[in-house]
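Visitor: Here it is: the structure, laid out below.
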C-alpha cells in the first residue's frame with residue numbers, strides 16, 4: 001500500500017506539466033487550430049517563469065509565497081501566449097500551413113529557451129541560473145493542512161489520504177482547477193459553444209454571426225499561455241528552480257498525444273495525465289525485471305498504442321474537431 | 001440619394017482588404033521571398049545588437065567560422081550531407097501531406113541496422129561488400145521505421161505526426177539499451193565500440209564519400225518526383241486524396257510506398273553518420289538532423305535542387321553558431337533561434353505571394 005501511494009503521489013507530480021500542456025492544446029484545437037508548437041511554448045514558459053522570478057529577485061530581493069507564484073505564473077503565461085500569438089498570426093491572418101508553423105514554433109521555442117537560459121546563467125556570478133531558497137520553497141511540495149500531518153503520525157489511513165490529496169505544490173491544484181474550469185467553459189457556457197462551433201464548422205459559425213477569427217485568436221493565445229505554465233512547472237518544480245538545458249525534454253509532445261488520449265475532454269485529460277505521469281516514473285516503484293531503457297519507453301509505446309486504438313474505433317462524439325488543422329478563408333468557403 | 005449611398009458604402013469599406021492574386025511573376029515571387037529573408041536576418045541582427053555585439057561583426061564571424069578555412073569548410077559540408085539527404089526524405093512525405101516528423105527515428109533505425117553489420121561482419125567479408133550490406137541494411141531499417149506509421153495511416157487513418165514522433169523516442173531508447181546491454185564495449189561506460197577501419201567510409205577530397213551519395217540521391221529524388229509515375233501519384237495524393245481515388249489510384253498503397261522510400265533515405269543518413277562521421281553509434285547519431293531537415297525541405301519549397309542550397313546555408317549557420325559561441329560567448333542555440341525566425345518570415349511571406357493587399361482609396365471628403 002505504501003508503495004502504491006508513493007507511486008500515485010509521484011505520478012501526480014510527473015503528470016501535472018503534461019496536464020497543463022494538454023489543457024492548453026485542447027483549448028487551441030477546439031478552435032480548429034492544430035498547434036504542434038506545444039513543446040516550444042512549454043520551453044518558452046519554462047525559461048520565462050524562471051527568469052521572471054530570477055530578475056524580480058534581483059530587483060526586489062528574496063521573494064516568497066503568493067507574489068513569487070504570481071510573477072512566475074504571469075511571466076510563463078505571457079511568454080507562452082507570445083509564442084502562440086506568432087503561430088496565430090501566421091496561421092489565422094497570414095494563412096500559413098498549421099503543421100509547419102507549429103513545428104517551427106517548437107524549434108524556435110527550444111532555441112529561445114536554451115539561448116536565454118545560457119545567456120542568463122553565464123552572466124550570473126555563480127554561472128547558474130537559480131532562484132533563492134525562499135522562492136524555491138514556494139514551489140515545494142508542502143502539506144496543505146499542517147494540522148493533518150500531526151494526526152497522520154498515528155493513523156496510517158490519514159497519512160495516506162493526506163499524502164495523496166493534500167501534500168503537493170500549489171501548481172498541482174491550479175492545474176486541476178484549470179481543467180475543471182475549462183470543462184465547464186467548453187460544455188456549459190455560450191462562449192464555449194461558440195468556440196466549439198468555430199472548430200467544427202467555421203463557415204456555419206461565421207454565418208451565425210460568430211467572430212471566427214477573434215475566437216481562434218483568443219483560444220490559441222490563452223491555450224499557449226496555459227502550455228507556458230506547464231513549462232514553468234518543469235523549471236520550478238521538476239528542476240527545483242534552476243535552469244537545466246533542454247529541461248522540457250519531449251513532454252510537450254506527449255501532451256499533444258494526450259489530447260487524443262483524452263479525446264478532447266479536459267476532465268479526461270486529468271486521468272490521462274495521471275496515467276502518463278505514472279508510466280514515466282514507474283521504474284522507480286514497480287520492478288518488472290526488464291532493462292531500465294525499456295521502462296523509459298513505456299510512455300511512448302503507450303502513446304502509440306492509444307493512437308492506434310483511438311483511430312481503429314473512430315467514434316463520432318469523441319473525435320477531433322472537424323475543421324482542426326485547416327485554416328478558414330471566409331472568401332473561399 | 002445614390003451619392004449618399006455611395007458615401008455610406010465607402011465608410012463601411014474596410015481600410016484594408018485582401019484579394020487573391022490571379023497570377024504572380026516568378027521574379028516578383030522570389031523578390032518577396034528575398035525581402036522576407038532579409039527582414040529575418042535584420043530581426044536576428046536586432047537580437048545580436050541587444051546582446052551588445054555588432055551584428056555585422058557577428059554575422060561575418062559566423063561566415064568566416066563556417067567557410068573560412070579548409071578544415072571548417074570540410075566540417076560544414078559534413079553537417080550539410082545528412083541534412084540534405086534527410087530533407088529529401090522529409091520532402092517525399094510532405095509532398096503527399098504526410099506530416100512525417102520521424103526522420104530522426106528513421107535515421108537512428110538505419111544507424112542501428114548498419115552498426116549491426118559493422119560490428120559483427122567486419123573482417124568476415126570484403127570491405128566493399130560490407131559497405132553495400134550496411135547501406136542496404138540501413139535503408140531497410142529506415143524504411144521499416146517509416147512504413148509502420150504509413151501502414152496504420154492507410155488502414156485506420158492513425159495520426160502520423162505523433163506516431164512518427166513517438167517512434168523517434170523508441171529508436172533512441174533502443175540505442176540506449178544496446179549501449180548499456182548487448183553491444184556494450186568492454187569497460188564500464190555504456191558505449192558502443194568504435195568501428196574498425198574496414199567499416200569506415202573512405203574519403204574523397206577530404207570528405208567522406210557521403211557527399212557523392214547525397215548528390216546521387218538528389219538526382220534520383222528529382223527524377224522520382226518529376227518524371228516517374230510514382231512521383232506523380234505522390235503529388236496527386238498530397239493535393240487531393242479524393243482526386244487520386246477518383247483517378248483510380250490506391251491512396252493507401254501510394255502512402256506506404258512513398259514512406260518506404262522516404263524511410264530508406266533517412267536510414268541511409270544513419271549509415272553515413274555511423275560509418276562516415278562518428279565511426280560508432282551513439283544517441284547523438286541523428287542529433288536533431290531529422291527536425292532541422294523539415295525546415296530545410298520547407299524553405300526549399302520541397303524542391304530537391306533548392307534543398308542543396310538551403311542545406312548548405314543551414315550548415316553554415318550551425319557551424320557559424322559554434323564559432324560565435326567561442327568568440328563572442330553567444331550560445332550555440334542562437335542558430336535555432338535564427339532558423340526559427342527565418343522560417344517564420346518565410347512562412348508568412350507566402351501570404352503576400354498568394355494575396356495582395358488593397359488599401360481603401362481616399363474618396364470624396366464627407367460633408
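The values are calculated or read from the model by the stated rules, or taken from the named source; none is laboratory data. In this text, all values refer to a predicted model and were calculated from it rather than measured experimentally. Quick reminder, even Gly has a Cβ in these numbers, built from the backbone with ideal geometry, and neighbours come from all protein chains shown.
Visitor: Do you know which residues across segment B:270-290 are in contact with a helix residue (DSSP H, G or I) (Cβ under 6 Å, 6 or more places away or on another chain), surrounded by fewer than 24 Cβ atoms within 10 Å (Cβ to Cβ) and more than 15 Å from residue B:81 (Cβ to Cβ)?
Guide: Within segment B:270-290, B:283 is the sole residue that qualifies.
Visitor: Here's a check for you: in segment A:116-136, which residue that is farther than 30 Å from residue B:43 by Cβ and surrounded by 14 or more Cβ atoms within 10 Å (Cβ to Cβ) is farthest from the other protein chains (Cβ to nearest Cβ)?
Guide: The qualifying residue farthest from the other protein chains (Cβ to nearest Cβ) is A:134.
Visitor: Given the condition modelled with pLDDT of 85 or more, closer than 22 Å to residue B:169 by Cα and away from chain B (no Cβ under 14 Å), answer yes or no: does some residue in segment A:247-268 qualify?
Guide: No, there is no match, as no residue in segment A:247-268 is modelled with pLDDT of 85 or more, closer than 22 Å to residue B:169 by Cα and away from chain B (no Cβ under 14 Å).
Visitor: While we're here: Among all residue pairs at least 6 apart or on different chains, which show Cβ distances below 6 Å where the first residue, located in segment B:291-305, is away from every other protein chain (no Cβ under 12 Å) and touching a residue at least 40 places away in the same chain (Cβ under 8 Å) and the second is in a helix (DSSP H, G or I) and surrounded by fewer than 21 Cβ atoms within 10 Å (Cβ to Cβ)?
Guide: B:300/B:306; B:304/B:218; B:304/B:222
Visitor: Using the structure shown, decide if residue B:57 is part of a helix (DSSP H, G or I), surrounded by 13 or more Cβ atoms within 10 Å (Cβ to Cβ) and in contact with a helix residue (DSSP H, G or I) (Cβ under 6 Å, 6 or more places away or on another chain).
Guide: no
Visitor: Continuing with the same structure: Is segment A:268-281 home to any residue that is part of a loop (DSSP other than H, G, I, E, B) and free of Cβ contacts under 8 Å to residues at least 40 places away in the same chain?
Guide: There is no residue in segment A:268-281 that is part of a loop (DSSP other than H, G, I, E, B) and free of Cβ contacts under 8 Å to residues at least 40 places away in the same chain.
Yes/no per residue for (1) within 21 Å of residue A:115 (Cα to Cα); (2) out of contact with any helix residue (DSSP H, G or I) (no Cβ under 7 Å at 6 or more places or on another chain); (3) away from every other protein chain (no Cβ under 14 Å):
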| position | (1), (2), (3) |
| --- | --- |
| A:51 | yes, no, yes |
| A:56 | yes, no, yes |
| A:59 | no, yes, yes |
| A:66 | no, yes, yes |
| A:72 | yes, no, yes |
| A:89 | no, yes, no |
| A:96 | no, no, no |
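Visitor: Name the one entry in A:11, A:84 that is under 23 Å from residue A:257 (Cβ atoms) and either surrounded by 24 or more Cβ atoms within 10 Å (Cβ to Cβ) or under 13 Å from the mean Cα position of the chain (by Cα) (or both).
Guide: Going through A:11, A:84 in turn, just one is under 23 Å from residue A:257 (Cβ atoms) and either surrounded by 24 or more Cβ atoms within 10 Å (Cβ to Cβ) or under 13 Å from the mean Cα position of the chain (by Cα) (or both): A:84.
Visitor: Any idea which of (1) more than 11 Å from chain B (Cβ to nearest Cβ); (2) over 23 Å from residue A:201 (Cβ atoms) is the one residue A:28 doesn't satisfy?
Guide: So residue A:28 meets the others, but not (2).
Condition check ((1) assigned by TED's automatic domain parsing to the domain that holds residue B:224; (2) assigned to a loop (DSSP other than H, G, I, E, B); (3) at positive phi) across all residues:
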position	(1), (2), (3)
B:276	yes, no, no
B:283	yes, yes, no
B:322	yes, no, no
B:344	no, no, no
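Visitor: Separate question: Could you tell me whether residue A:113 is more than 12 Å from chain B (Cβ to nearest Cβ) and surrounded by 19 or more Cβ atoms within 10 Å (Cβ to Cβ)?
Guide: no
Visitor: Then there is this: Of the residues B:339, B:353, B:314, B:358, which is more than 12 Å from chain A (Cβ to nearest Cβ) and either modelled with pLDDT of 85 or more or more than 17 Å from residue B:91 (Cα to Cα) (or both)?
Guide: When all the criteria are applied, what remains is B:358.
Visitor: Would you check which residues across segment B:246-260 are out of contact with any helix residue (DSSP H, G or I) (no Cβ under 6 Å at 6 or more places or on another chain) and in a helix (DSSP H, G or I) and list them?
Guide: Passing the criteria: B:246, B:253, B:257.
Visitor: Test each condition in (1) touching a residue at least 40 places away in the same chain (Cβ under 8 Å); (2) away from chain B (no Cβ under 14 Å) for residue A:145 and report the one that comes out false.
Guide: The single condition residue A:145 does not satisfy is (1).
Visitor: Can you confirm whether residue A:39 is part of a helix (DSSP H, G or I) and within 14 Å of chain B (Cβ to nearest Cβ)?
Guide: In short, yes.
Visitor: Right, something else. Could you list, in sequence order, all residues of segment A:171-188 that are over 15 Å from the mean Cα position of the chain (by Cα) and touching a residue at least 12 places away in the same chain (Cβ under 8 Å)?
Guide: Passing the criteria: A:183, A:186.
Visitor: Restricting to segment B:203-231, count the residues that are under 19 Å from residue B:78 (Cα atoms) and either surrounded by 12 or more Cβ atoms within 10 Å (Cβ to Cβ) or touching a residue at least 12 places away in the same chain (Cβ under 8 Å) (or both).
Guide: Looking only at that region, the number is 13.
Visitor: Would you confirm whether or not segment B:293-300 contains a residue that is surrounded by 22 or more Cβ atoms within 10 Å (Cβ to Cβ) and either closer than 30 Å to residue B:119 by Cα or outside the structural domain of residue B:225 (by TED's automatic domain parsing) (or both)?
Guide: yes
Visitor: Go over the candidates B:156, B:145, B:183 one by one and state the one that is in contact with a helix residue (DSSP H, G or I) (Cβ under 7 Å, 6 or more places away or on another chain), more than 19 Å from residue B:269 (Cβ to Cβ) and more than 7 Å from chain A (Cβ to nearest Cβ).
Guide: Sole residue among the options that is in contact with a helix residue (DSSP H, G or I) (Cβ under 7 Å, 6 or more places away or on another chain), more than 19 Å from residue B:269 (Cβ to Cβ) and more than 7 Å from chain A (Cβ to nearest Cβ): B:183.
Visitor: For the list (1) buried (at least 16 other Cβ atoms within 10 Å of the Cβ); (2) under 24 Å from the mean Cα position of the chain (by Cα), I need the number of the one condition that residue A:294 fails.
Guide: Going through the list (1) buried (at least 16 other Cβ atoms within 10 Å of the Cβ); (2) under 24 Å from the mean Cα position of the chain (by Cα), residue A:294 breaks only (2).
Visitor: Regarding residue A:77, is this residue away from chain B (no Cβ under 14 Å) and over 24 Å from the mean Cα position of the chain (by Cα)?
Guide: Considered against the rule, which asks whether it is away from chain B (no Cβ under 14 Å) and over 24 Å from the mean Cα position of the chain (by Cα), residue A:77 comes out as no.
Visitor: Inspect all residues belonging to segment B:214-231 and state whether any of them is closer than 20 Å to residue B:109 by Cα and more than 14 Å from every other protein chain (Cβ to nearest Cβ).
Guide: So far as segment B:214-231 goes, yes, one or more of its residues are closer than 20 Å to residue B:109 by Cα and more than 14 Å from every other protein chain (Cβ to nearest Cβ).
Visitor: Additional query: For residues that are in contact (Cβ under 8 Å) with a residue 40 or more places away in the chain and loosely packed, with under 15 Cβ neighbours inside 10 Å, scanning just segment B:167-197, find the one that is nearest to the chain's Cα centre (by Cα).
Guide: Here the residue is B:194.
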